[in-house]
Amino acid sequence: MNRCYSLVPSALAYLLALDALLMPSVASAQAGLRVPPIPAVAQAGTLQVLQAPEVLLNGQPARLSPGARIHGRDNLLLLSATLTGQKLLVRYTRDTSGLLHQVWVLTEAEARAATSQ
């Protein structure tokens, strides 16, 4: 029975060491990258959520689709209600009925690149 206990700590130590080696590379790979990237067909604009699903897009009334996804600056999904009243520089795509379907809130670097185009 003693032989089994001697393997468990060494296997656990091996897994922890492997985890410690892989974690920095995963974190650095995610820094500043959007996965998947913002599609080239996405248009740039200014978004202000009034009361979801009602929004202003470039000062004009628009509407979020029922399955709309809003990707934050860190590429995590945001709830539209948390953005109420904020004016955000975004890139967006519409669905086949013209509703806003995917929205990406731009980082400062992405906003500079979008305005320079």
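The residues in the stretch 41-59 that are within 20 Å of Leu76 (Cα to Cα) and either at pLDDT below 85 or in a loop (DSSP other than H, G, I, E, B) (or both) can be counted, and the count is 3. Checking Leu21, Leu89 one by one, the residue that is open to solvent by 50 Å² or more (accessible area, probe 1.4 Å) and modelled with pLDDT under 90 is Leu21 and no other. Residues that are touching a His at 6+ places or on another chain (Cβ under 6 Å) and either surrounded by 12 or more Cβ atoms within 10 Å (Cβ to Cβ) or modelled with pLDDT under 95 (or both) occur at least once in the stretch 96-110.
Note on the stretch 60-73: residues that are open to solvent by less than 100 Å² (accessible area, probe 1.4 Å) and not in a strand (DSSP E or B) amount to 1.
Among the residues making up the stretch 63-101, those that are under 12 Å from Leu47 (Cβ atoms) and in contact (Cβ under 8 Å) with a residue 40 or more places away in the chain are Lys87, Leu88, Leu89, Val90, Arg91, Tyr92, Leu100. Cβ-Cβ contacts under 6 Å between residues 6 or more apart (or on different chains), taken from a first residue in the stretch 34-62 that is over 13 Å from Leu106 (Cβ atoms) to a second residue that is outside any strand (DSSP E or B) and open to solvent by less than 80 Å² (accessible area, probe 1.4 Å), are listed as Val49/Ser80; Val49/Leu83; Ala52/Ser80; Ala52/Ala81.
The values are calculated or read from the model by the stated rules, or taken from the named source; none is laboratory data. Please read these numbers as outputs of a predicted model, since none were measured by experiment. Note: ideal-geometry Cβ built from the backbone for every residue, glycine included; neighbour counts use all protein chains shown. Calculation scope for accessible area: heavy atoms of the full protein, side chains included, ligands and nucleic acids excluded. Shrake-Rupley method; radii C 1.70, N 1.55, O 1.52, S 1.80 Å.
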